1. Between A124 and S74, take the C-beta separation as r, use R0 = 35 Å, and let me know the FRET efficiency to the nearest 0.05.
2. What number comes out for the charge environment of L106, summing +1 per Lys or Arg and -1 per Asp or Glu over other residues with Cβ under 13 Å away?
3. Would you work out what percent of the accessible area of the chain, with all protein chains in place, is carbon or sulfur (probe 1.4 Å)?
4. How much accessible area per residue does segment 37-112 have, in Å², with a 1.4 Å probe?
5. Could you state the orientation-averaged shadow area of the convex hull built on the Cα atoms of segment 116-185, in nm² to one decimal?
6. What's the extension gain from E46 to A137 if we count 0.36 nm per residue and subtract their Cα-Cα distance?
7. In degrees, nearest 10, range 0 to 90: what is the angle between the Cα axis of helix 20-30 and the longest Cα principal axis of the chain?
8. Find the centroid of the Cα atoms in segment 1-67 and in segment 148-195, then give the distance between the two in whole Å.
Amino acid sequence: MIPSVMAKLKIGVLGSGKGSNFRAILSEIEAGRLDAEPVIVMADVEGAGILDLARGAGIPAHVIREPRFCTKLSPEIETDVVRRLRDAGVELVVLAGYMRMVKQPLLEAFPRRVINIHPSLLPAFPGLEAWSQALAAGVEKSGCTVHFVDAGMDTGEIIAQAEVPVLPGDTPALLHARIQIEEHRIYPAVVARFAAGDLP
Ligand code: GAR
């Protein structure tokens, strides 16, 4: 009998930074625990580590050049991103440290198929440097959230969360590092749920 071969979920990854969440997803794929295939990686920052990670893994990697805005892409440029994602056959768009707002061209092209990881227990502390916001607020616990992306800032429906304690003597860097350990666990696990067809 010929074994049935399930198609792998094709993911497109957008980032701005070092790409440790993307690396965590890649590790799970390489270990055979995640049935997904990154088919394209794009970053809006030239020289971002996530691009080197992709190239090292033989995945097409592109720089998004946006000269006009810092916090979003212009509609033409976001439309071009959509074209590249579609051309690559992407089924799920994974924001992994992507630091711009996502707008209609991308959201309309991939309804309920754009996800993000954020370093707080949303709805607390949306926006930049959520770990610093948590420290400044004096909370006893923080964590991370994976959510569907909508037009708001970190407001989409929550898919998964993990808590971490805020410890005496924490600095922003220490707390962020503790949160990232949980990010690297829950983000691949959520992608696996999409790959398994668990998230309509
Ligand atoms: C992560 O902590 C992620 O949660 C955060 O950026 C970091 C990227 O790290 N994202 C946001 O703050 C989005 N609002 P990485 O490049 O090592 O994956």
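1. 0.70
2. Its environment carries a net charge of +2.
3. For the chain, the apolar C and S fraction of the accessible surface comes to 57 percent.
4. Numbers: 3730 Å² over 76 residues.
For segment 37-112, the per-residue accessible area is 49 Å².
5. It is 4.1 nm².
6. Separation in residues times 0.36 nm, less the Cα-Cα distance, equals 29.4 nm.
7. 50
8. Rounded to whole Å, the Cα centres lie 19 Å apart.
The values are calculated or read from the model by the stated rules, or taken from the named source; none is laboratory data. Just so you know, these numbers come straight off a predicted model, no measurement behind them. In this analysis, Cβ positions are derived from the backbone assuming ideal geometry, glycine residues included, and neighbour counts consider all displayed protein chains. Ligands, DNA and RNA are excluded from the accessible area calculation, which covers all protein heavy atoms including side chains. Shrake-Rupley method; radii C 1.70, N 1.55, O 1.52, S 1.80 Å.
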